[in-house]
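A.B. asks: One structure follows; several queries about it will come next.
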Amino acid sequence: QVQLVESGGGLVQAGGSLGLSCVVSGIKFGIVAMSWHRQAPGKQREMVARINSAGVTNYGDSVKGRFSIARDNAKSTVDLQMNSLKPEDTAVYYCNVKTIFLIQGRNDFWGQGTQVTVSS
């Protein structure tokens, strides 16, 4: 069973930094990309950072230059380092994994999320 568990969320002052981690289990091969998304109250979920199997990264416009994504295949984790945090970064952050093949009818898997709150 595929499982993604996020950790590292918390309260931080504007301008500060916070690191998130996602531990992935139940997937041994066929991962196309891993990514972080966020959803603030009353808003749509948005992609903030993505890294593919070749190590190529992509970032949402609102976080470019501030966030950095990295994966560790040996530890089965994908991390998100968030710097220069702003109050508008406040949201629940979710980890996502995409696979090249279907597992129980799908190729997208999500964690339960971790809350990040940035105070002004």
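A.B. asks: Assuming a strict under-25 Å limit between Cα atoms, what lysine pair count do you get for the chain once near-sequence pairs (fewer than 8 apart, same chain) are dropped?
C.D. replies: 8
A.B. asks: Excluding ligands and nucleic acids, what accessible area in Å² is computed for Arg50 using a 1.4 Å probe, to the nearest 10?
C.D. replies: My reading of the accessible area for Arg50 is about 60 Å².
A.B. asks: For Glu46, Glu6, Glu88, write out the residues from largest to smallest accessible area, computed with a 1.4 angstrom probe and no ligands counted.
C.D. replies: Accessible-area ranking of Glu46, Glu6, Glu88, largest first: Glu88, Glu46, Glu6.
A.B. asks: Leaving ligands, DNA and RNA out of it, report the carbon-plus-sulfur percent of the accessible area of the range 20-108 at a 1.4 Å probe.
C.D. replies: 50 percent
A.B. asks: Could you calculate the contour length gain from Asp72 to Val32, that is, 0.36 nm times the residue separation minus the distance between their Cα atoms, to one decimal place in nm?
C.D. replies: Length difference between fully extended and current span is 13.0 nm.
A.B. asks: Can I ask one more? List the relative contact order of the chain as a percent without decimals, with contacts defined as Cα pairs under 8 Å and 6+ residues apart.
C.D. replies: Relative contact order of the chain: 36 percent.
A.B. asks: Tell me, what ³J(HN,Hα) does each residue in the range 57-74 have, in order and in whole Hz, if you take phi through Karplus 6.51 cos²θ - 1.76 cosθ + 1.60 with θ = phi - 60° and put x for Gly and Pro?
C.D. replies: Once θ is set to phi - 60°, the couplings for the range 57-74 become 10, 9, 9, x, 4, 6, 10, 4, x, 10, 9, 9, 10, 8, 10, 10, 5, 5 Hz.
A.B. asks: Would you tally the net charge around Leu18, using a Cβ to Cβ cut-off of less than 14 Å, leaving Leu18 out, and scoring K and R as +1, D and E as -1?
C.D. replies: Summing Lys/Arg as +1 and Asp/Glu as -1 gives 0.
A.B. asks: What ³J(HN,Hα) values, in whole Hz, does the Karplus curve 6.51 cos²θ - 1.76 cosθ + 1.60 give for the range 82-97 when θ = phi - 60°, with x put for Gly and Pro?
C.D. replies: 10, 10, 6, 5, 10, x, 6, 7, 4, 4, 8, 9, 10, 9, 9, 10
A.B. asks: Enter the accessible area per residue of the chain (Å², integer; probe 1.4 Å; all protein chains in place).
C.D. replies: 55 Å²
A.B. asks: Taking 0.36 nm per intervening residue step and subtracting the Cα-Cα distance, what contour gain separates Ser53 from Ala14 on full extension?
C.D. replies: Difference between extended and current length: 10.8 nm.
The values are calculated or read from the model by the stated rules, or taken from the named source; none is laboratory data. No experiment lies behind these values; they were computed from the predicted model shown. We place every Cβ from the backbone using ideal geometry, glycine too, and count neighbours over all the protein chains shown. Note: accessible area is taken over every heavy atom of the protein model, side chains too, but ligands, DNA and RNA are not part of it. Shrake-Rupley method; radii C 1.70, N 1.55, O 1.52, S 1.80 Å.
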